[in-house]
Amino acid sequence: PTGFLSSFSNYGNGLAFCAPGRDILTTDRAGSAGWAPGDYVLSLGTSFASPVTTGAAAVLRSANPEASAPQVVAALEPGPKCEG
């Protein structure tokens, strides 16, 4: 939520993408089988960055179906706040 890497984030020269990994609103299993009593929960972790990045790539491709894979990757490349 601050726009900066979390303490558990990966960073450095090998970083290909930067995506949210904290306070991600996600669906939850309903009832006592889930993490929280409701159908949604705020979660965190690097595992949540992958679906966010995939969704962003899908939106880019839907807006421009002719975009090549390298063009989509270039659009997703990290900005200055992903540098650690």
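The values are calculated or read from the model by the stated rules, or taken from the named source; none is laboratory data. Everything numeric here is computed off the predicted structure, so don't read it as measured data. Cβ: placed from backbone, ideal geometry, glycine included. Neighbour counts: every protein chain shown. Ligands, DNA and RNA are stripped out before the accessible areas are found, and what is left, the full protein with its side chains, is counted by its heavy atoms. Shrake-Rupley method; radii C 1.70, N 1.55, O 1.52, S 1.80 Å.
Going by accessible area, probe 1.4 Å, with all protein chains left in place, what is the ranking of SER32, SER62, SER68, largest first?
Values: SER32 125, SER62 90, SER68 45 Å².
These residues rank, largest area first, as SER32, SER62, SER68.
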Open item on the list: At R0 = 22 Å, how high is the FRET efficiency between SER7 and LEU42 if r is their beta carbon distance? Nearest 0.05 is fine.
Closed with: 0.85
Task: Segment ALA69-LEU25, length gained on full extension (0.36 nm per residue, minus Cα span) - done: 13.0 nm
